[in-house]
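The values are calculated or read from the model by the stated rules, or taken from the named source; none is laboratory data. Predicted model, so just to flag it, every value in this text is computed and none were measured. A quick note on method: Cβ atoms are made from the backbone with ideal geometry, for glycine too, and the neighbour counts reach across all protein chains shown. Please note that ligands, DNA and RNA were not included when accessible areas were found on the heavy atoms of the full protein model with its side chains. Shrake-Rupley method; radii C 1.70, N 1.55, O 1.52, S 1.80 Å.
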Amino acid sequence: MDQSKAKESPLPETGLEGALFELLDTETDKELRQHIKECLLFLVQATSSELLGFWLTMCKDILASSMSPENMRSTMMIDDTKTSVTDKSTTEGDDKDDGADDEDTLQAVPLGDVKTREKVSPRWQTRVFAFEIVQRLMAACETERAHLDLALAKELQMSSHGRADYLVLHLSDLVRMSFMGATSDNSNLRLAGLACLQDVINRFAAVPEPEFPGHVILEQFQAQVGAALRPAFVPETPSHVTAAACQVCSTWIGSGVARDLNDLRRVHQLLVSSLGKLKHGSINTQLYNDSAATLEKLSILKAWAEVYIVAVKQQDEKSTKKAEHDDDQEYGGGQESLLNLVNPELNALVGHWLDALRDSALLSLPAEFGSQLPEEGGAFYTPDSAESCKEYYRNSWPPILLAASIWLNKNNFEIDSSTTTPQKWSNDRRETRFHLMLGMCAEALCSRNNHHDNDKTIQLCLNTLKNLIECEWAQLELMKAVQLPVEVMNILHRLILTRDNLQTQRACADVVLAILQAAKTAMKRVTKEDADNGNPIYKGYQGNEGANGFEPKSSLSFATLEICLCLLVRQIPQINSSLMKSKPMAPLHFRKYARLPMESYELIQIAIQILVQVPSLCSPEGAIIVLPSIFYLILGVLRESSRIDQDQLVPDSPPGHVSVAAAAAMVAIRTLTSTPPIEETSEHWSSVMRSFLLSLINLSESDIIKVDKAVIMLATTVLVTSMPTTFAIGSALFHKYCRLLKSCVDCEHVPVQVKGLQSVNSIFARKEICAPYIRELGPVVFAKIKPYVVPEAVLKGEKDETQLADLEDLSDAEAVIIQEAIKAVEAVLSFSKGEKEMMFVNLLTRCLARFLFVDPVTQLKTAQLNVRKMHEFAFQRLNLIGPQHPECFKAMIQGCPRIKQRIEAAAQVNQRLQQAQQQAEALKKMSSQKAAQPTVQQPKIQLTMNFAAFENK
């Protein structure tokens, strides 16, 4: 629009959007104001991507405008010679045309007579709405990665020649606007600014700074954040503003932006100053009602709880890294951490946390239990404000509960005398504290109320449960009556069944593992002879379930099986065969394993880990009862994780690929079968094992469901090699299993061949059972190395070696197969005696000598990589065979001079290489020591005058 048209336009420079904002300052009708706001929100939603910079600039101008005339925005005024819309103090012309129609008047006004009335500064309601616009813009930009990635945003902006605009490029404006709102004089505007600042921290805390690797872009705004928060902690600040500022403080400290503790102390000191309001109260109670003071105190406690949770998490991560790496300096083993800043206040905070939890538990009671509320009120509320404070407690107790559980877990639920509480409990024992916190978690997890029905609250409660039952005392307390852990298991089962969030399901699985650990702790305590030491005998969970059948209401193993089934079926529904019986419904429930997210793989792995622990809760008779169910679920996991989709042109995974779930299933098979049964259940146990082995082999032969035979073969091998040596699988299963191994060894896919040979090697290595397998599978293995065994004719000189296969044509795949076949023959050699020992030494030596270079000095430089690797492998294996079988090896090389020459040449070259390597290491060590010695640097500027004559003066 050119300047002449701009002068004639009734709209301001900011266009229609600016005009609508100006109407918010002049319009008094509430309904019209709401319509204007909705219009602006619709415009933001529709044009946020194209006009992002325009909206942010306009909002920044509105927030930065003051009462000074140069910063006031203009409003429109229509005027002409006959009719004037002005103040009541203007001329008499107003009275003449009072009855004129407004529409006619506006139509009669020429554009050239548009004048500017006295400018009006944006009112605080308009500024608060501007913050709402900014937050809407940030929410709308979350869908595109470039808005939260500075490096990508700059790259895309350069490629578009500056036309593209992204939110991260306006971060300084966002921080500035938040600062202006948080430091204003209006309470509502301060709340809006603090809310906007919290959104900025949540969205940009993890955005890296491309110019400074290892840093984030918000680090440069630490001073602005501290300055924005500081006014909210002045004693005269309203309670609800201080409460909002506490939340921003905990968000900032927990975001990890401020990594230096000196920077963290600025915000930490603000929270420390707020603790005085817990001890001495707030002066705002004289200006506001009691519920405002309750909100302020709960917000302070919640902020400290969130900071403590983050501090403990950081400390745990630091300890884990220190355990994995012994270099303390690299990971700052002696440096101060955030937990060191929080620890001095914990003794006071824990008492307040427990009082807040007690208040919350009492206020959450139904109306019919209202008589149980104390007449004098609670620690942070009065009887008159009880009803109005319930919402504050609902929003605050989950992080407080988690923080208290972490602290009590580390202190074995004991509270020392230094802990201060504003209100003493009538029955303040650690049993009371444990059951109060456990009951609050159970109530929230079972509740269907909207304020509890969100994943964040559920996950906080599940983390609290896990922390509650990690210390030994709490484990024993939980397992005193088995009905309590069974009830908790039922709650977890319902959550897994009804919650789609995978993180929530993972948290449930972690709690199940903690409960099973508590059961093991209780079972160990029961078996101890405490009576001999004069200690009371623990009468808790004893295990040994299933001796007389399983009672679902009191069976921990039954509840655990239910959860495992639910976890697996939620990830892979087709494991439950009843869902797949209905042909119309089967496609709806079918879910491909390869299409699952990584979180589902982890859940399947954890479910299998839980399954393995179920037999340890049972008696020997009960274990036999649950084993078929466990093997059925493991078989389902193996089937679905190795299923081959025949309709796919390109498979999801290559042949022989072992998935995470299949690997976990194999580990479970090894664990379950390696424990021998007792004599009374041996027959039933053997029957179950044979049935499972038959099911595995039949799965590989099925024509209905095509699976990867290599995976099933590996699982079968794990089963066969893990069972007791006295267990006989039977002739029929033996031949079926050998056919499966042969099909894998002779497969066209190299990875499958390698896994088949590795399985044969593991079977040959078991001396007690290997004999029949060697007779059946030995020829198949020997066929892999037969082409590379040096014939007798070559050794005797009757045939030239050049007539053999050229090793230069050896591929990487063939080299791997040959190495695995040689290892399998070595396994047979390890327990061979007499003539068989000589035969296998002869075979291996002739085969390995084939891969040794005739002239290693020259050929090591010119040969291909795979041929050099085979030379090194052959020399290494010969070095192992010689010392283990000296007589046979000596007789062999004495009868074959050519092999002896090759071994000696390879040994000489290998010795030279080792000496050269040792010399290189020694030189490197000397150079590093020399570099560490301090050196006197010579001056770069040479003096022309000699000052030696002044030495004696």
Q: For residues that are modelled with pLDDT under 80 and charged (D, E, K, R), tally how many sit in the stretch 285-323.
A: 3
Q.
I need every pair where a residue in the stretch 718-739 that is within 16 Å of residue 765 (Cβ to Cβ) has its Cβ under 7 Å from the Cβ of a residue that is among the acidic types (Asp, Glu), sequence separation at least 6 or different chains.
A. 725/768
Q: Residues being at pLDDT 85 or above, in contact with a Phe, Trp or Tyr (Cβ under 8 Å, 6 or more places away or on another chain) and over 18 Å from residue 837 (Cβ atoms): count how many of those fall in the stretch 872-902.
A: 2
(Q) If I ask for residues that are open to solvent by 50 Å² or more (accessible area, probe 1.4 Å) and in contact (Cβ under 8 Å) with a residue 12 or more places away in the chain, which ones from the stretch 30-53 would you list? (A) 37, 39, 45, 49
Q) Which is surrounded by 15 or more Cβ atoms within 10 Å (Cβ to Cβ) and small (Gly, Ala, Ser), of 162, 181? A) 181
Q) What about residue 440, is it over 24 Å from the mean Cα position of the chain (by Cα) and either outside any loop (DSSP other than H, G, I, E, B) or at pLDDT 95 or above (or both)? A) yes
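State all residues of the stretch 197-213 that are open to solvent by less than 70 Å² (accessible area, probe 1.4 Å) and under 20 Å from the mean Cα position of the chain (by Cα); if no residue qualifies, say none.
Within the stretch 197-213, the subset open to solvent by less than 70 Å² (accessible area, probe 1.4 Å) is 197-201, 203-205, 207, 209-210.
Answer for the stretch 197-213, where residues must be open to solvent by less than 70 Å² (accessible area, probe 1.4 Å) and under 20 Å from the mean Cα position of the chain (by Cα): 203, 204, 205, 207.
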Q. Here is a list of conditions, (1) in contact (Cβ under 8 Å) with a residue 60 or more places away in the chain; (2) open to solvent by less than 40 Å² (accessible area, probe 1.4 Å), and residue 780 meets all of them except one; can you say which number that is?
A. (1)
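Being without any contact (Cβ under 8 Å) to a residue 24 or more places away in the chain and either surrounded by 19 or more Cβ atoms within 10 Å (Cβ to Cβ) or touching a Lys or Arg at 6+ places or on another chain (Cβ under 9 Å) (or both), is that true of even one residue in the stretch 126-136? I'd like the intermediate steps shown before the answer.
To start, the set of residues in the stretch 126-136 that are without any contact (Cβ under 8 Å) to a residue 24 or more places away in the chain comprises none.
Looking through the stretch 126-136, none of the residues is without any contact (Cβ under 8 Å) to a residue 24 or more places away in the chain and either surrounded by 19 or more Cβ atoms within 10 Å (Cβ to Cβ) or touching a Lys or Arg at 6+ places or on another chain (Cβ under 9 Å) (or both).
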Q. With respect to residue 925, is the statement that it is surrounded by 14 or more Cβ atoms within 10 Å (Cβ to Cβ) and charged (D, E, K, R) true?
A. no
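With respect to residue 756, determine if the residue is modelled with pLDDT of 90 or more and either over 20 Å from residue 878 (Cα atoms) or open to solvent by 20 Å² or more (accessible area, probe 1.4 Å) (or both).
Values: modelled with pLDDT of 90 or more: yes; either over 20 Å from residue 878 (Cα atoms) or open to solvent by 20 Å² or more (accessible area, probe 1.4 Å) (or both): yes.
So residue 756 fits the description; yes.
Give the stretch 136-161 a look and list any residue that's part of a helix (DSSP H, G or I) and of a type in the set (Ser, Thr, Tyr), or say none. Steps first, please.
Of the residues in the stretch 136-161, the ones part of a helix (DSSP H, G or I) are 136-143, 145-148, 150-159.
Matches in the stretch 136-161: 143, 159.
If I ask for residues that are among the hydroxyl-bearing types (Ser, Thr, Tyr) and open to solvent by less than 10 Å² (accessible area, probe 1.4 Å), which ones from the stretch 432-481 would you list?
Of the stretch 432-481, the ones among the hydroxyl-bearing types (Ser, Thr, Tyr) are 432, 447, 457, 464.
Once the filter is applied, which keeps residues that are among the hydroxyl-bearing types (Ser, Thr, Tyr) and open to solvent by less than 10 Å² (accessible area, probe 1.4 Å), the stretch 432-481 yields only 464.
Okay, residues lined up against (1) open to solvent by less than 70 Å² (accessible area, probe 1.4 Å); (2) closer than 19 Å to residue 566 by Cβ; (3) among the polar types (S, T, N, Q):
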position: 591; (1), (2), (3): no, yes, no
position: 594; (1), (2), (3): yes, no, no
position: 597; (1), (2), (3): yes, yes, no
position: 625; (1), (2), (3): no, no, no
position: 629; (1), (2), (3): yes, yes, yes
position: 645; (1), (2), (3): yes, no, no
Q. Would a scan of the stretch 678-696 turn up a residue that is touching a helix residue (DSSP H, G or I) at 6+ places or on another chain (Cβ under 8 Å), over 26 Å from residue 754 (Cβ atoms), outside any helix (DSSP H, G or I) and open to solvent by 20 Å² or more (accessible area, probe 1.4 Å)?
A. yes
**Q.** Residue, surrounded by the fewest Cβ atoms within 10 Å (Cβ to Cβ), within the stretch 847-860, restricted to residues that are part of a helix (DSSP H, G or I) and touching a helix residue (DSSP H, G or I) at 6+ places or on another chain (Cβ under 7 Å)
**A.** 857
Q) Can you tell me how many residues in the stretch 702-728 are open to solvent by 10 Å² or more (accessible area, probe 1.4 Å) and touching a Pro at 6+ places or on another chain (Cβ under 7 Å)? A) 2
(Q) If I go through the stretch 127-152 residue by residue, how many of them are among the charged types (D, E, K, R) and closer than 15 Å to residue 58 by Cα? (A) 3
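Do the conditions hold for residue 153, that is, is it crowded, with 21+ Cβ neighbours inside 10 Å, among the aliphatic types (A, V, I, L, M), without any contact (Cβ under 8 Å) to a residue 24 or more places away in the chain and more than 26 Å from residue 18 (Cβ to Cβ)? Explain how you work it out, then say what you get.
Values: crowded, with 21+ Cβ neighbours inside 10 Å: yes; among the aliphatic types (A, V, I, L, M): yes; without any contact (Cβ under 8 Å) to a residue 24 or more places away in the chain: yes; more than 26 Å from residue 18 (Cβ to Cβ): yes.
In short, yes.
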Q: For residues that are touching a Pro at 6+ places or on another chain (Cβ under 9 Å) and modelled with pLDDT under 85, scanning just the stretch 645-676, find the one that is farthest from residue 605 (Cα to Cα).
A: 676
Q) In the stretch 815-846, what residues are in contact (Cβ under 8 Å) with a residue 60 or more places away in the chain and open to solvent by 40 Å² or more (accessible area, probe 1.4 Å)? A) 816, 823, 830, 831
Q. When the stretch 368-387 is examined, which residues are found to be open to solvent by 60 Å² or more (accessible area, probe 1.4 Å) and within 41 Å of the chain's Cα centre (by Cα)?
A. 387
Q: Name the helices (runs of 4 or more DSSP H) wholly inside the stretch 455-542 in which the number of residues that are under 24 Å from residue 569 (Cβ atoms), at pLDDT below 90 and in contact with a helix residue (DSSP H, G or I) (Cβ under 9 Å, 6 or more places away or on another chain) is 1 or more.
A: 455-468
Q: List the number of the failed condition for residue 717; all other conditions in (1) modelled with pLDDT of 90 or more; (2) over 21 Å from residue 782 (Cβ atoms) hold.
A: (2)
